[in-house]
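Trainee: The structure follows.
The values are calculated or read from the model by the stated rules, or taken from the named source; none is laboratory data. Given the structure is predicted, the values throughout are model-derived calculations rather than measurements. Ideal geometry is used to build each Cβ from the backbone, glycine not excepted, and the neighbour counts take in all protein chains shown.
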Amino acid sequence: MAKFRKASAETQFLRGETGVDGQATEEERDPAEVEAEKTKEQALRGGTYLGREFLTWLLWQSESSESILELEKEPLTVVFIDRLMVRALVGEVTEISAKGMAAPYALLVKQVMAGGLLVQQARLQLTLGERVFQLTLDAENLDVRGGKLPTLVAEEESERVDERLYLTELLSSAIDALVQKFVALRSTSEWKKTEVPQLQAWLRGEDKAGVSLLKTAARAKGR
Amino acid sequence: MPILRGAVTFTRFLVEHADDPPKDVRGWLTRALRSRAFEPLDRADEEDRSAGFVELENPESTEFAVGNLFQGERALFAFRVEQLKIPARVLKADLEKWVRAFEAEHGHSPKRHEKAEARERLRKKLRNRVDPSVKVTDLSWNLETQQLQLWATSKKLVEEIQALLEERLSLRLVPRSVAGVAREAKVDVESLAPTSALFGAEVGDGEV
């Protein structure tokens, strides 16, 4: 057994795993440090952090009942509904999920976000004119999951497929238009000067002109 | 077929041609899909996986007749993956049974190479018995707006189809992420470092 241990130590030395003093050449990494690195890598991959900033900005913008922009001459309004997942770039708590009709706008959730956890995934309701869509968006690629389209009008099977594809493309264009609006703002100095301080004040619950939570929930329920 | 019914789940891309776009896009696309059409698995071959393009409404067909491939301004097709998966649990149980029979016959345990050979024989036997798993992913490509929707969100699958379309069809599929939209708007994405005031953390330029 002792011979085996000696051989094993020699092997470790020859592999460069230990030094002449028999001590490890590389310190074993702290699991918390490994997790922190992974969390950061997830946020930076493909610009995911931009997606998180976008969804957090959109949540703020969506609290009032006003439309965020116009698409095809129709107003586009957004409401966050049901589920919200926030993630941190660093810190002890890396992810928190909230559930409930008005959970995304709850002060408790805002306070969590004020602590640096931004929106990674959310369930949204987009209303374009009279058309209502629901979908889950993820910050990484903004791909559409579990989307519900407005009721189809066409009766013929081939026309229904056409209409369905048209609606999915319309939904995609609506997401693009929201992102374009965010990018136009995010790439100017106004972002840090005015938008971020206002957004932070809203997250801290200091926004006196804030819209009633019940009103937002009622708007979501009325879908 | 998720394109035709049910909840909608898809990954969004904008298509760009790496070279000049072909004049006859429809003819070119038909030929390109046929050249990378799905071929059923041949059990005589060593390959356990086969993947390629098929018609949307008939995943058994790789004809891509104009009437089946194009609907208005859109091209509708699918990506089919067939895979032979040998259940590890079954292989392990069969191997243990073989080991017991070997020990009873020879009075000693099989040598390492004997066990490896037996494992390979059993694997081949099981491979001939299992049915391949079949997965079909829909694609819709609007040839006018260049919006391409890949009706799946599995990262591995999406990346495989994206790579195939880019390599074989000389296309560039730009993801519709915030960074993708920013690049399209000629914004220097590298200059958009994380907003430290929101994340509560500083991220060095070199890390982005």
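Trainee: In segment B:22-46, which residue that is under 16 Å from the mean Cα position of the chain (by Cα) and not basic (Lys, Arg) is farthest from B:Phe79 (Cα to Cα)?
Mentor: From segment B:22-46, those under 16 Å from the mean Cα position of the chain (by Cα) are B:33, B:36-41; that's our starting set.
Still in the list and also not basic (Lys, Arg): B:33, B:37-41.
Values: B:Leu33: 10, B:Ala37: 9, B:Phe38: 8, B:Glu39: 11, B:Pro40: 13, B:Leu41: 15 Å.
By that ranking, first place goes to B:Leu41.
Trainee: Check every one of the helices (runs of 4 or more DSSP H) wholly within segment A:103-208 and list those with 2 or more residues that are closer than 19 Å to B:Leu150 by Cβ and more than 9 Å from chain B (Cβ to nearest Cβ).
Mentor: Qualifying helices (runs of 4 or more DSSP H): A:157-186.
Trainee: For segment B:100-157, give me each residue that is assigned to a loop (DSSP other than H, G, I, E, B) and within 14 Å of chain A (Cβ to nearest Cβ). Step through it out loud before you land on a result.
Mentor: Taking segment B:100-157 as the starting set, the residues that turn out to be assigned to a loop (DSSP other than H, G, I, E, B) are B:107-111, B:130-132, B:143-146, B:151-154.
Within segment B:100-157, B:Leu143, B:Glu144, B:Thr145, B:Gln146, B:Trp151, B:Ala152, B:Thr153, B:Ser154 meet the criteria.
Trainee: How many of the residues making up segment A:26-66 are surrounded by 13 or more Cβ atoms within 10 Å (Cβ to Cβ), of a type in the set (S, T, N, Q) and either closer than 22 Å to A:Pro197 by Cα or facing another protein chain (nearest Cβ under 10 Å) (or both)?
Mentor: To start, the set of residues in segment A:26-66 that are surrounded by 13 or more Cβ atoms within 10 Å (Cβ to Cβ) comprises A:36, A:39-40, A:42-44, A:46-64.
So of that shortlist, the ones also of a type in the set (S, T, N, Q) come out as A:39, A:42, A:48, A:56, A:61-62, A:64.
Next, only the ones that are either closer than 22 Å to A:Pro197 by Cα or facing another protein chain (nearest Cβ under 10 Å) (or both) stay: A:48, A:56, A:61-62, A:64.
Count: 5.
Trainee: Follow-up question, since we're still on this one. Counting only residues that are part of a helix (DSSP H, G or I) and at the interface with chain A (Cβ under 9 Å from one of its Cβ atoms), how many does segment B:159-195 have?
Mentor: Number of matching residues: 8.
One line per residue, one yes/no per condition, for (1) surrounded by 21 or more Cβ atoms within 10 Å (Cβ to Cβ); (2) touching a residue at least 24 places away in the same chain (Cβ under 8 Å); (3) in the same structural domain as B:Leu33 (by TED's automatic domain parsing):
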position	(1), (2), (3)
B:Arg121	no, no, no
B:Gln146	no, yes, yes
B:Gln149	yes, yes, yes
B:Ser154	no, no, yes
B:Ala163	no, no, yes
B:Arg168	no, yes, yes
B:Val174	no, yes, yes
B:Val178	yes, no, yes
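Trainee: Could you please let me know if A:Thr94 is within 17 Å of B:Thr195 (Cβ to Cβ) and within 15 Å of the chain's Cα centre (by Cα)?
Mentor: In short, no.
Trainee: Let me ask something else about it. Give the residue, chosen from B:Ala93, B:Ala51, B:Ala78, that is at pLDDT 95 or above and either outside the structural domain of B:Gln162 (by TED's automatic domain parsing) or under 19 Å from A:Ser158 (Cα atoms) (or both).
Mentor: Working: B:Ala93 fails: at pLDDT 95 or above; B:Ala51 fails: either outside the structural domain of B:Gln162 (by TED's automatic domain parsing) or under 19 Å from A:Ser158 (Cα atoms) (or both).
Result of the check over B:Ala93, B:Ala51, B:Ala78: B:Ala78.
Trainee: If you don't mind, another one. Let me spell it out: the conditions are (1) in contact with an Asp or Glu (Cβ under 6 Å, 6 or more places away or on another chain); (2) in contact (Cβ under 8 Å) with a residue 40 or more places away in the chain, and B:Ser61 meets all of them except one. Which number is the exception?
Mentor: (2)
Trainee: Please find, among B:Gly6, B:Gly67, B:Gly27, the residue that is within 14 Å of another protein chain (Cβ to nearest Cβ) and part of a helix (DSSP H, G or I). Steps first, please.
Mentor: Numbers: B:Gly6 fails: part of a helix (DSSP H, G or I); B:Gly27 fails: within 14 Å of another protein chain (Cβ to nearest Cβ).
Sole residue among the options that is within 14 Å of another protein chain (Cβ to nearest Cβ) and part of a helix (DSSP H, G or I): B:Gly67.
Trainee: Next question. Which of the numbered conditions does A:Val86 fail, given that it passes all the others? Conditions: (1) at pLDDT 95 or above; (2) away from chain B (no Cβ under 13 Å).
Mentor: Only one criterion in (1) at pLDDT 95 or above; (2) away from chain B (no Cβ under 13 Å) is unmet by A:Val86, namely (2).
Trainee: Right, here's the next one. Going through segment B:9-55 one residue at a time, which ones are touching a helix residue (DSSP H, G or I) at 6+ places or on another chain (Cβ under 6 Å) and without any contact (Cβ under 8 Å) to a residue 24 or more places away in the chain?
Mentor: Matches in segment B:9-55: B:Pro22, B:Glu55.
Trainee: Related question: Against the definition (assigned to a strand (DSSP E or B) and in contact with a strand residue (DSSP E or B) (Cβ under 8 Å, 6 or more places away or on another chain)), how does A:Glu66 come out, yes or no? Quick ask: steps written out before the conclusion?
Mentor: Working: assigned to a strand (DSSP E or B): no; in contact with a strand residue (DSSP E or B) (Cβ under 8 Å, 6 or more places away or on another chain): yes.
When the stated conditions are applied, A:Glu66 does not pass them.
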